[in-house]
1. With a point put 7 Å past each Cα toward its Cβ, work out how far residue 17 is from residue 45 in nm, to one decimal.
2. Between the alpha-carbon centers of the stretch 53-106 and the stretch 1-44, tell me the distance in whole angstrom.
3. Could you work out the relative contact order of the stretch 1-83, using alpha carbon pairs under 8 angstrom and six or more residues apart, expressed as a whole percent?
4. Under the rule of -39500 (n - 2.57) per DSSP H run of 4 or more residues, summed and divided by the residues of the chain, what mean residue ellipticity at 222 nm is obtained, to the nearest 500 deg cm²/dmol?
5. On full extension of the chain, what length is gained from residue 90 through residue 52, given 0.36 nm per residue of separation minus the C-alpha to C-alpha distance?
6. Can you give the FRET efficiency for residue 101 and residue 66, using 1/(1 + (r/R0)^6), R0 = 35 Å, r = Cβ-Cβ distance, to the nearest 0.05?
7. Ratio to report: Rg/Rh of the chain, with Cα atoms as the point set and Rh obtained by the Kirkwood method; give two decimals.
């Protein structure tokens, strides 16, 4: 739980674990995914357990107040995969719009 985002659904049978996964390729994480929380009250509790309030997430949480079906998913790190395949020294070399401290938007 400590290494996952607050919105990842906890594993009910194993406290401290989530219903999430990572797919590694040659030592690099390419895909991360899992089941997500879908109840507003669970989000509020998860944020409180991490010592955070809901103010910064109000826009995101608004949809959950009215109900959301159980859901999950994954995201493929295409730039990471391309960097590993091409042997690039840094993932920024395979990213169309890399972000850093001085560039936060394309």
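1. That separation, rounded to one decimal, is 2.0 nm.
2. 15 Å
3. Values: 108 pairs, mean separation 25.5, N = 83.
Once normalised by length, the contact order is 31 percent.
4. Numbers: 3 runs with 27 residues, N = 106.
So the calculated ellipticity at 222 nm is -7000 deg cm²/dmol.
5. Working: separation 38, 0.36 × 38 = 13.68 nm, distance 3.27 nm.
The span from residue 90 to residue 52 would gain 10.4 nm if fully extended.
6. Values: r = 37 Å, r/R0 = 1.07.
For R0 = 35 Å, the calculated efficiency reads 0.40.
7. Details: Rg = 16.7 Å, Rh = 16.1 Å.
Ratio of gyration radius to Kirkwood radius: 1.04.
Laboratory data are not the source of any read-out in this text; all were calculated from the coordinates shown. On a predicted model such as this, the values are computed, not experimentally measured, just so you know. Cβ coordinates were reconstructed from backbone atoms using ideal geometry, including for glycine residues, and neighbour counts include every protein chain displayed.
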